[in-house]
Amino acid sequence: MKLGQEWYQREEVASRYDKRFTHGGRVLNREEIEKLLELVDPKGKEILDIATGTGRFAESMEAAGGDVVGMDASKEMLKPGRANYLVGDAFKLPFKGKSFDVSTSMRFLHLIRPRQVPVFLKEVERVTKEKFIFESFNPMSLRALYQWALPQRSYLFRTSYLEELLSDLEFVKDFEANPYFLIPYGAYQVMPYGFAKRVNRIDRKLTEILEPFASTIYWVLEF
Ligand SMILES: C[S@@+](CC[C@H](N)C(=O)[O-])C[C@H]1O[C@@H](n2cnc3c(N)ncnc32)[C@H](O)[C@@H]1O
């Protein structure tokens, strides 16, 4: 199994990345973006999107009035010819201290080892004034069923584990965990669009009742 950084530098992996947001994946993409926009409120803010990939979140935050820089370790993932998108490492962000109001990083934490998490968070805090929104995947969810079959290495983090870790970090003033999606991403991606829309309506309701088993947690950290 490959670490995420190397995996996403493969031309064949990068070129088919956005295919996952076709069919049922369109519903998922729309939902993910909507949820992030609610948490970020991008208007008038300077935002860094770390591990931006093909830039779907960065573009949406820009469209919502944010001044966004997208950064990713893989030049293959970054769409060519766009200003404000650059190659860089999440552990060595190429920016001066407190350059951004808000930082975001979606679908990235599962690619880093547990012991690297505090190091990554400290580096984000160095360049961020207000808050950081990121996503983790829950081992107590249906995602655990297909996790083992993924070709790239992927880490799931228990909510209690991250809560404990965040409580111990003196540079984190406050944090909040927002659980979403009982139905994991991989399942949406293989559904037809209309079916995924219906499933999503049920998913929203079920997640309210079964929060501890949500596949995805959006974390909001205040610095
Ligand atoms: C699953 S993709 C997510 C892309 C985007 N955030 C999204 O949700 O569509 C993970 C991304 O993390 C990037 N990545 C992996 N290791 C990285 C690192 N150390 N620094 C910056 N980006 C990294 C990969 O190149 C890839 O584009």
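Quick notes
- Helix-only [θ]222 nm of the chain, DSSP H runs n ≥ 4, -39500 (n - 2.57) each, per residue, nearest 500: -10500 deg cm²/dmol
- Listed by chain and number, the lysines whose C-alpha is less than 19 Å from the C-alpha of Lys129, apart from same-chain residues fewer than 8 away, are Lys43, Lys45, Lys92, Lys96, Lys98, Lys173.
- Gyration tensor verdict on the range 114-159 (Cα atoms; rounded if a/c is under 1.5, prolate if a/b is larger than b/c, oblate otherwise): prolate
- Couplings 3J(HN,Hα) of the range 105-116, computed from phi: 7, 9, 6, 10, 4, 5, 8, 10, 5, x, 5, 7 Hz, in residue order, whole Hz [Karplus 6.51 cos²θ - 1.76 cosθ + 1.60, θ = phi - 60°; x for Gly and Pro].
- DSSP beta bridge pairing in the chain, given as percent antiparallel to the nearest 5: 45
- This ranking places Lys197, Lys173 by how few other beta-carbon atoms lie within 10 Å of each, fewest first, which gives Lys173, Lys197.
- Ile112 long-range amide H proximity, modeled H, under 5 Å: Tyr155
- For Glu59, Glu34, the sequence from fewest to most other C-beta atoms within 10 Å is Glu34, Glu59.
- When Trp219, Trp7 are arranged by Cβ crowding within 10 Å, least crowded first, meaning fewest neighbours, the order is Trp7, Trp219.
- The chain shape via C-alpha gyration tensor axes, a/c threshold 1.5: rounded
- If R0 equals 25 Å, the separation of the Cβ atoms of Arg82 and Asp41 corresponds to a calculated FRET efficiency of about 0.60.
- Cα gyration tensor category, rounded, prolate or oblate, for the range 105-205 with a/c compared to 1.5: prolate
- Comparing Cα centroids, the range 117-167 and the range 39-92 end up 19 angstrom apart.
All of the numbers you see were taken from the coordinates with simple rules; none came from a lab. Quick caveat: nothing in here was measured; it's all calculated off a predicted structure. Every residue, glycine among them, receives a Cβ derived from its backbone with ideal geometry; neighbour counts consider all protein chains shown.
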